[in-house]
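Derivation of every value follows stated rules applied to the coordinates shown; laboratory data play no part. Computed from a predicted structure; not experimentally measured. A quick note on method: Cβ atoms are made from the backbone with ideal geometry, for glycine too, and the neighbour counts reach across all protein chains shown.
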Amino acid sequence: MFKRSVVFGLVACLLAVLIVGQTLSQPAAQRGQRGGARNSERPQVQRRQFDPQRMQRMMEQRMQRQLGASDAEWKEIGPSVMKVSQLNQQVSGGGMFGGRRQFMGRMQGDQGEKPTELEKAAEQLEKLLDNESAKPEDIEKQLAAYRTAREKVKKQLEAEQQKLQKQVNVRHKAQLVLMGLLD
């Protein structure tokens with residue numbers, strides 16, 4: 001019994017020494033300690049700034065790939081596809097984020113882009129809803145303004161969709177329907 005206790009104790013001590021030895025052999029940064037270089041001496045991590053133009057190009061490239069459009073085809077249909085996409089996003093709103101523009105504005109800081117009539121109406125309605133003492137008739141009035149602005153955008157979207165349908169071939173048309181850009 002005594003031998004077992006001694007052997008167990010030795011094994012436990014050996015494991016402890018190995019663990020402590022490995023921990024001490026690691027650089028301070030890996031151990032989560034601040035030792036070593038001061039803050040001013042540490043290399044600064046550079047964060048990427050949000051670039052809306054880069055995001056737009058990436059979105060266009062993704063759509064072009066999804067459609068299987070050549071560069072020549074994309075030159076013809078790309079602007080219309082992007083316009084339909086933009087209007088479609090406006091009509092569908094931003095769901096729980098309170099509008100796409102507001103959500104993107106929070107992400108990137110406003111890039112100086114003028115808000116659309118629909119975005120202005122949505123913002124005014126949201127402000128009114130945030131006001132607990134807002135009168136129901138004021139909410140109804142602003143809701144009507146929002147719906148009117150939304151209907152205008154829906155009509156623009158329908159016109160752009162009809163224009164796009166005339167520009168694309170059947171394969172592109174089917175893919176655009178799957179993407180939710182055409183009906």
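Taking the Cα-to-Cβ direction at residue 154 and at residue 183 and moving 7 Å from each Cα, how far apart do the two end points lie in nm?
Going by the 7 Å Cα→Cβ label model, 0.9 nm.
On a 24 Å Cα-Cα criterion, which of the cross-link pairs 75/163; 120/166; 83/120; 83/127; 75/120 come out too long? The partial results should precede the final answer.
Values: 75/163 15 Å; 120/166 32 Å; 83/120 19 Å; 83/127 28 Å; 75/120 32 Å.
Result: 120/166; 83/127; 75/120 exceed 24 Å.
What nm value, rounded to one decimal, do you get for the distance between residue 162 and residue 61 when each label is placed 7 Å out toward the C-beta?
The answer from the label model is 3.6 nm.
As an exercise, use a Förster radius of 22 Å and the Cβ-Cβ distance of residue 138 and residue 89 to find the FRET efficiency, rounded to the nearest 0.05.
On the way: r = 28 Å, r/R0 = 1.26.
Result of the calculation: an efficiency of 0.20.
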